[in-house]
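**Q** The structure under discussion is supplied below as structure tokens; questions concerning it will follow.
Nothing in this text is a laboratory measurement; each read-out follows from the coordinates by a stated rule. A quick note: this is a predicted structure, and the numbers were derived from the prediction, not measured. Cβ atoms come from the backbone with ideal geometry, glycine included; neighbour counts cover every protein chain shown.
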Amino acid sequence: MRLHSLQYLRAIAALVVVYSHACIQVPAYRAQLMEFGSFGVDIFFVISGFIMLYISKPHHTPKAFIANRIRRVAPLYWFFTLLMAVIFLILPSVFANTELRVEALIQSLFFIPHFSDAHPGEVWPIVAPGWSLNYEMYFYAVFALSLFAAQKYRLWIISVVIIAVFVLAHALNSNGALSEFFTDTVVFEFIFGMLLAYAWQRGFRLPSWLGAILLIVGFALLIMHSQNVALAALDLPGIVTYGIPATMVVAGTLFIKLPENGFGILLGDASYALYLSHIFVLGLLRIVLPPILGDDFTAAILFVLISLVVCLTASIPIHQYIDNWLLKQERLGHGPTVKQREA
């Protein structure tokens, strides 16, 4: 079954991440814009948890699963990581805040969580958006472990392992990068996605109108939390403020009956390319546009709008010509279904 609605949501999630980063590119603009959108990553994590369980089959093996995941995720990420290293050496002014060490480059390429040199306190690779890929690879490793067991136990094995690692990391409290990584509640968003897939596979459905309400309320809560509006005084963990609303958004998208649209599916296909490439495009736009646009509110709005259009436009050929070339599979006009692409 082709879940084209999730393709649309992937495109939207990537775009809101682009918006959030466009808002902070130029200091003069940042003060005039309402910044939000980092929650797009939370939506990605819920979708990932859903898709992995949704496509899981009894015959899948850990070796084949890991090989497929690395083949799908790593090539384009490695391409942009190495591109980042080259650009930093040749033209470091393209990026607002970047340092490069060989050790950090190696850790980034192998998805090893480490503290960023350019952003102290953040467990980020040298291509900053890649922090989410470290969590994806962690989830894939745990999912591969579950493939040794019968299919009916996979959800529960994965949930127990993720919770156990979270509790152990909290107990050890080493204050290192790995401790910081494993104690982030964002890991539970994968479980939320799997629970949603578990219910979906067993025929649980909601009316389209209720799906629309879940979608609207979920997005509203995500935006409100990002502005410290909703329940800010309670200091709730991210899994509550972002994980639950993100799950509402994914669930609502599934339950809404939407027509299949080829361009929308293409944007969903290109969402990974958009997610990884946009910081490079924004780096160039940050240099080129402000002298032309000025520094008032209108200039700030124009900068964000132009950034969204240019980043999105650039992501399509990157997906079609670079990502697909690296994968050595689907070409123009032959995009895979969600099920085929994620398998």
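**Q** At what distance in angstrom do the alpha carbon centres of the range 81-156 and the range 247-294 lie from each other?
**A** Each part's Cα centre sits 21 Å from the other's.
**Q** Still on this structure, please answer the following. Where in the range 74-157 are there GluC sites (Glu not before Pro) that are in a DSSP coil and have at most 15 other Cβ atoms within 10 angstrom of their Cβ?
**A** Numbers: sites: GLU99, GLU103, GLU122, GLU136; in loops: GLU99, GLU122.
Sparse-neighbourhood loop GluC sites (Glu not before Pro): GLU99, GLU122.
**Q** Of the residues LEU285, LEU308, LEU172, which exhibits the maximal mean-square fluctuation in a Gaussian network model of the chain defined by a 10 Å Cα contact cut-off?
**A** Checking each option, the largest mean-square fluctuation is seen for LEU172.
**Q** Can I ask one more? Can you tell me which of SER56, SER174, SER208 moves the most in a GNM of the chain? Springs connect C-alpha atoms under 10 Å apart.
**A** Of the options given, SER174 has the highest mean-square fluctuation.
**Q** Could you let me know the centre-to-centre spacing of the range 185-209 and the range 42-77, using Cα atoms, in angstrom?
**A** The range 185-209 and the range 42-77 have Cα centres spaced 16 Å from each other.
**Q** Something else: Can you give the angle from 0 to 90° between the axis of helix 188-201 and the longest principal axis of the chain, with both taken from C-alpha atoms, to the nearest 10?
**A** 50
**Q** Continuing with this model, one more query. Specify the angular offset, from 0 to 90 degrees and rounded to the nearest 10, of the alpha carbon long axis of helix 244-255 from the longest principal axis of the alpha carbons in the chain.
**A** 70
**Q** Give me the Kirkwood hydrodynamic radius of the range 1-74, using the inverse of the mean 1/r over all pairs of distinct Cα atoms, in Å to one decimal.
**A** 14.7
**Q** Could you identify which residue out of VAL187, VAL127, VAL142 has the top mean-square fluctuation in a GNM of the chain using Cα springs shorter than 10 Å?
**A** Checking each option, the largest mean-square fluctuation is seen for VAL142.
**Q** What would the Debye formula give as log10 I(q)/I(0) at q = 0.10, 0.15 Å⁻¹ for the alpha-carbon point model of the chain, no solvent?
**A** Taken in order of the listed q values, log10 I(q)/I(0) reads -0.61, -1.51.
**Q** What's the longest bit of the chain with no exposed chymotrypsin sites (Phe, Trp or Tyr not before Pro), using DSSP loop states and at most 14 other Cβ atoms within 10 Å as the test? Each step should come with its number before you reach the end.
**A** Values: sites that count: PHE110, PHE148, PHE204.
Longest run free of exposed loop sites: 205-343.
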